[in-house]
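The values are calculated or read from the model by the stated rules, or taken from the named source; none is laboratory data. Since this is a predicted model, take the numbers as computed values, not measurements. Positions of Cβ are backbone-derived with ideal geometry, glycine not excepted, and every protein chain shown enters the neighbour counts.
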Amino acid sequence: MSAPESDHKGPILTAHRAGLVGCHRCGRVWPLEHRRCNRCGAHLVPPDRRGLQKVWAWWFAGLICYVPANLFPMMRTETFAGLAGNTESTILGGVVELIHHGSYDIALIVFVASIIVPIGKFLAIAWLATVAGQPASVDQAHSRLKVYEVVEFIGRWSMIDVFVVAILSALVQLGFVASIHPGPAAVSFALSVAFTMLSAQSFDARLIWRGLPLRSARH
Amino acid sequence: MSDGAENYDLGTGRGLIACPNCDALHVEEELELGETARCIRCGTVLAKPRDGAFAQLIALAFTSMVLLVGAVFFPFLQVSTMGFGNASSLFDVALAFAEGVMLPLVLAVLAMIIGLPIFRSFLLVYTLVPLAQGRPPFRHAARAFRWSELLRPWSMAEIFVIGTAVALIKVAGLATVHLGPAFWAFCALIFVNIASRAFMCQTSIWDAIEDAGVETDLTERKARA
């Protein structure tokens, strides 16, 4: 495939500047007044900063859910029907517990997946949504796209902790000896991850490139 | 490239492809099998047709369906301590917690690790089987493929396997754990997914759906104009 001018070094014509709109799902290009892609049925949205409202809405929903996810216990462990102790562990508490067990590698995975990744994701999406559409150099745009791709790829991996709780509470039902029950944080953490995934998905990567200096020969 | 000028239309967008990540326009060209087309501006892969990709994708979709059905009913993990034992299939996971406030969580987890992967495999087979045989696609094939792509980030079988590993470490001090066949089915599923991703080229599939006769209303537009 080549640019319409078939000149890779020259100015790049975007669909938006050509008065067209490209489908963000299948890439097909339609006239601007089209609302729906006739090939794949996706909604056609021109790259516009107004679309960032949706990103922020999901972002705040995710942040709100992230607070109880850290304050409440992820799971409750009952040993000997509560006689030998009832432990409730939050996300951070679970990591500390793993370190006490001596399994540093797993502690690191959980720490990265359920603390570093969610917080990093909040920061990254907020940064992307703030700088989107603002003037940028080509190099900056490339690094922003990289950040966006990493955020999109890594977001779902935060679900690890939810799965751990689900597996443990199904598995450890040993009657009198030990049983594990999921805590309220499991639900809110799952919601938080889902909301931030939606937030990242509603970010329009084309906005990253909107702020590049106009180099089109058509002006 | 030289005769590209007649094959696209800047007025209607016919024959053009816009990069989904940066909106740069490209002229659509037939690629040789094995070639990869990248966006000239941001480097996003636009198309990478592979020889026999449709047949491979169908085979892999069937494989993952078989593995998932097995994973639902075979025991997943077994724990035992002090004579108390518990073998759980994923089905037991659902039944054990199908009550109270945790019900939505259990349903969501089951959907993400079992439901959506099976559903996506089904959608892919539905879309690709007629195309691989060179027949017109089934009704709503475009919608089926779009849903399959929309649901991609939400099917989390591979993340579930890592979650299992973490859970095993946590429970290891408490009881003895044996891995069941369903666990290995999930591990195999990771490799099936990786292979499937290597053959997946959305652009080729959309082109095939379009070429096989799904209406795109450009002809209508011309008639009206």
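Overview of values
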{"item": "Conditions (1) at pLDDT 85 or above; (2) loosely packed, with under 14 Cβ neighbours inside 10 Å; (3) under 26 Å from B:R41 (Cα atoms); (4) not β-branched (V, I, T): number failed by A:L44", "result": "(2)"}
{"item": "Scan of region A:86-100 for residues that are free of Cβ contacts under 8 Å to residues at least 12 places away in the same chain and within 16 Å of B:I169 (Cβ to Cβ), ordered by number", "result": "A:V96, A:E97, A:I99, A:H100"}
{"item": "Members of region B:150-174 that are more than 7 Å from chain A (Cβ to nearest Cβ), in contact (Cβ under 8 Å) with a residue 40 or more places away in the chain and over 19 Å from B:I114 (Cβ atoms)", "result": "B:L168"}
{"item": "Answer from B:T44, B:T36 - the residue that is of a type in the set (S, T, Y) and either in contact with a helix residue (DSSP H, G or I) (Cβ under 8 Å, 6 or more places away or on another chain) or in contact (Cβ under 8 Å) with a residue 24 or more places away in the chain (or both)", "result": "B:T44"}
{"item": "Helices (runs of 4 or more DSSP H) within region B:137-225 that include 3 or more residues modelled with pLDDT under 80", "result": "B:157-172, B:218-224"}
{"item": "Among residues of region B:37-71, those that are of a type in the set (V, I, T) and either part of a strand (DSSP E or B) or closer than 30 Å to A:K146 by Cα (or both), counted", "result": "3"}
{"item": "Filtered residue count, region A:153-196, keeping only those that are at pLDDT 80 or above, outside any helix (DSSP H, G or I) and facing another protein chain (nearest Cβ under 8 Å)", "result": "1"}
{"item": "Options B:D9, B:D23, B:D51: the member that is acidic (D, E) and crowded, with 18+ Cβ neighbours inside 10 Å", "result": "B:D23"}
{"item": "The listed residue being under 30 Å from A:D161 (Cβ atoms), out of contact with any helix residue (DSSP H, G or I) (no Cβ under 9 Å at 6 or more places or on another chain) and within 14 Å of chain A (Cβ to nearest Cβ), out of B:L103, B:L123, B:L116, B:L107", "result": "B:L103"}
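The rows are residues; the columns are (1) farther than 30 Å from A:V55 by Cβ; (2) part of a loop (DSSP other than H, G, I, E, B); (3) within 11 Å of chain B (Cβ to nearest Cβ).
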position	(1), (2), (3)
A:R76	yes, no, no
A:L92	no, no, no
A:H100	yes, no, yes
A:I115	no, no, no
A:T130	no, no, no
